[in-house]
1. Rank 41, 163, 138 by mean-square fluctuation in a GNM of the chain with C-alpha springs under 10 angstrom and give only the top-ranked residue.
2. Determine the dipole magnitude for the chain: charges of +1 sit on the beta-carbon of Lys and Arg, -1 on that of Asp and Glu, nothing else is charged, the reference point is the Cα centre, and the result goes in debye to the nearest 20.
3. Scan around residue 111 for amide H atoms under 5 Å from its own, H built in the peptide plane at 1.01 Å from N, and keep only partners 5 or more places away or cross-chain.
4. Going 7 Å from the Cα of residue 105 toward and past its Cβ, which residues in segment 71-95 have a backbone nitrogen under 14 Å from where you end up?
5. Could you state the accessible area per residue of the chain in Å², with a 1.4 Å probe and every protein chain left in place?
6. What is the calculated FRET efficiency for residue 37 to residue 2, with r their C-beta to C-beta distance and R₀ = 45 Å, to the nearest 0.05?
7. Ignoring any ligand, DNA or RNA, what whole percent of the accessible area of the chain comes from carbon and sulfur when the probe is 1.4 angstrom?
8. What does the extension gain come out to for residue 135 and residue 57, with contour length at 0.36 nm per residue minus their alpha carbon separation?
Amino acid sequence: MTRPSKTVRESQHESSQLMMPPDANILGHVFGGVILSMMDKTAAIAAFRHARTNCVTASIDRVDFREPVHVGDLVVMKASVNYVGRSSMEVGVRVEAEDILSGTRRHTNSCYLTFVAIDRNGRPVEVPELRAETADEKRRYAAAQERRRRRLEERNAEERAIKDEAPVAGVVAKK
């Protein structure tokens, strides 16, 4: 039996929020944690829309804050599913800060989040396949496949390193 599929467009999500003084540090720059929280929520909605079941954040790739976001900026988040495995999904989020008065937008950062679809017992469940239609969606899919391959390589290397670690401060490693 073939899995159902969905297009990238079917799960895309955009959200925005005006940055206020409680969101900022003493320099008037918005805390990175505020931006990360917004990214996670926006990406989660795209994952939920694709899977139509509960999803949990499994990982967030490297996040570089290229430009500060200021109090008074409108932060716009754009999320779309880039890749789907059996139960996991990579969601890309682009963050832009808009000067409300001029309408000028600037790209402040982007990152990739991995979500896993789960059932009521917290076990992974299969999700629909992803149908990339445009050249840009196909490029993102291929790039996400490569990131997934690297993530799995890194995770396997970390697991091997943990198994091979010597005991530390009285802790005995299981072999």
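1. 163
2. 760 debye
3. Answer set, sorted by chain and number: 93.
4. It comes to 74-80, 93-95, nothing else.
5. 62 Å²
6. E between residue 37 and residue 2, to the nearest 0.05, is 0.75.
7. On the way: 5640 of 10790 Å².
Answer for the chain: carbon and sulfur cover 52 percent of the accessible area.
8. Full extension of this stretch gives 25.3 nm more.
The values are calculated or read from the model by the stated rules, or taken from the named source; none is laboratory data. Predicted model only: the values in this text are computed from it and were never measured. Using ideal geometry, Cβ is built from the backbone for each residue, glycine included, and neighbour counts are taken over all protein chains shown. Protein only, heavy atoms only, side chains kept; ligands, DNA and RNA dropped before computing areas. Shrake-Rupley method; radii C 1.70, N 1.55, O 1.52, S 1.80 Å.
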